[in-house]
Amino acid sequence: IRFVPENWSKTYFEWMNNIQDWCISRQLWWGHRIPAWYDAQGNIYVGRDEAEARAKHKLPADLPLNQDEDVLDTWFSSALWPFSTLGWPEQTPELKLYYPTSVLVTGFDIIFFWVARMIMMGLKFMDDVPFREVYIHGLVRDPHGNKMSKSKGNVLDPLDIVDGIELEALVAKRTSGLMQPKLAAKIEKLTRADFPDGIPAHGTDALRFYFAALASTGRDIRFDTQRLSGYRNFCNKLWNAARYVLMTVDGQDTGTDPQAEVELGVAERWIISRLQQVEAEITGHVQTYRFDLYAQAIHEFVWHHYCDWYLELSKPILQAEVSPALQRGTRRTLVRVLETVLRLLHPIMPFLTEDIWQRVAAPAGKRGDTVMLQPFPQSRADQVDAAAEAEIGWLQNFLLGIRQIRGEMDISPGKPIPILLRNAGATDRQRVATMRPWIDFLGRAESIAYLDGDEAPEAATAILGGMQILVPMAGLIDKDAELARLGKQISKLEKDVAAGAGRLGNDSFVAKAPAAVVAKARAQLAAQQSTLRELQVQMKRIDQM
């Protein structure tokens, strides 16, 4: 048996090498009732059932016996789980097929109570270990890092996170049935502080993705509603992407006919290449139980590569006068990559992916009743395209340079802008010509011209390799109005920075305030100082124009 992470095997052997006696009983109403009977004098008779106990001890049939009211310790019943659920002690087909199983997934806090006892029972009754690998995950703790328990009143019901719950209902739920009723007021105060607006609905898939994203090598998870909300937004992002794709391909040819001519442009070859790489990454992460890296890889691909870039790159092609084969290739790529993404995501987000897959399967050329029974995607090395990745990488940096200038100069994203290029080499010029439809559509380029010599117009500049991207400011901004606007922002930020620095310079505040509050204040001050520096640089640049 292999533990993942391996260091938990030390905990297992520490228990086993120093094993102690353990109380066999629990005062519960469920479980295996202890097979012991008592007569009026307190004598104990043990057997598989009362009849066997009487026969074993030659007791008369009219002797009154009472069975012990306790049940065997909970972990005794749980230890039988790997084989008792498969029909044992009968030699069922299920028992033969599924015992031993492959992987046990559990928390580190019950390695001895459950894992060790399943191994004991498996070796005793089945003459084999119950599983080959034990994947140990962390515990979900409350927002303050404390272990959740009913006595502390800090337990979160997953259904309340999925469906949402109002504050008063949450308070009532956490303060009822307490083992220590005197803690009710404290628990209520803590609940109101942690969840002032209750808990909004997040859905099952967002919660599942949240736990996968934080499942790093057995570490505990401190519950964070803000990060959870981010994964709810991820679900929305995927849903909206699917709506766009389905609307785009509705009633259109998506290349399902193998005889139809299909042309893949550079954007299609790029996203397919990126998909092969994320498939390979995810396969490796699953094999090593790094579900956090699995979630991170698919999140990065869906959000940034597929949604933020490829969906946008597809629009000029589908709206332009280009060959039917190229448009067919674009539609086919849109829907096939989405369908593959759904299969990659399904183990973590089963409900949303199933819903979308039912709509996407047909235009993607897939058959079947459910995504659950589709094969998991496998990377193909022959579809990795380094040339396409270099081309689209150049385009992304070009467009990001333009966006940077727009952001710094407060130019509206929809306002067409003239673009000047200095020191553009042959490769740059060739790429500008090739990528011009995307530069015009996504960069809102009014015109593109090349500068020769040392011309120095008043322009904002971004760098791409050895080439300079310049946007002349004449006619794009009102210099005086922009300086006035920046001056107001800088003045306000200077006051905020001074106030934050003064607060953190107060020894009493730093010593007495909770560590989390002090850390938040420092982070806020650092962010304000960074923004202030950026605005001051921007103001200086505009002032010099």
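Numbers below:
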| read-out | value |
| --- | --- |
| In the stretch 44-62, residue most open to solvent (accessible area, probe 1.4 Å) [restricted to those that are of a type outside the set (Val, Ile, Thr) and under 57 Å from the mean Cα position of the chain (by Cα)] | Arg48 |
| Selected residue [over 30 Å from Thr288 (Cβ atoms) and either at pLDDT below 95 or surrounded by fewer than 12 Cβ atoms within 10 Å (Cβ to Cβ) (or both)] from Gln41, Gln67 | Gln41 |
| Of residues in the stretch 213-241 being out of contact with any strand residue (DSSP E or B) (no Cβ under 6 Å at 6 or more places or on another chain), open to solvent by 30 Å² or more (accessible area, probe 1.4 Å) and assigned to a loop (DSSP other than H, G, I, E, B), the one farthest from Ile161 (Cα to Cα) | Thr217 |
| Pairs with Cβ under 7 Å, 6+ apart, first in the stretch 76-97 and farther than 14 Å from Phe113 by Cβ, second β-branched (Val, Ile, Thr) and outside any helix (DSSP H, G or I) | Pro82/Thr101; Leu86/Thr92 |
| Near pairs, Cβ below 7 angstrom, 6+ apart or cross-chain, from the stretch 112-132 (free of Cβ contacts under 8 Å to residues at least 40 places away in the same chain and within 14 Å of Pro100 (Cβ to Cβ)) to any residue that is open to solvent by less than 10 Å² (accessible area, probe 1.4 Å) and assigned to a helix (DSSP H, G or I) | Asp128/Gly122 |
| Selected residue (criterion: surrounded by the fewest Cβ atoms within 10 Å (Cβ to Cβ)) from residues of the stretch 242-257 that are at pLDDT below 95 and charged (D, E, K, R) | Asp250 |
| Boolean, Arg343 is more than 30 Å from Glu458 (Cβ to Cβ), open to solvent by 70 Å² or more (accessible area, probe 1.4 Å) and basic (Lys, Arg) | no |
| Residue within the stretch 105-120 that is surrounded by 19 or more Cβ atoms within 10 Å (Cβ to Cβ) and among the hydroxyl-bearing types (Ser, Thr, Tyr) present | no |
| The stretch 11-30, subset among the charged types (D, E, K, R) and modelled with pLDDT under 90, residue least open to solvent (accessible area, probe 1.4 Å) | Arg26 |
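The values are calculated or read from the model by the stated rules, or taken from the named source; none is laboratory data. Bear in mind the structure is a predicted one, so any value in this text is a computation, not a measurement. Every residue, glycine as well, gets a Cβ built from its backbone with ideal geometry; the counts of neighbours run over all protein chains shown. Heavy atoms of the whole protein, side chains included, go into the accessibility calculation; ligands, DNA and RNA do not. Shrake-Rupley method; radii C 1.70, N 1.55, O 1.52, S 1.80 Å.
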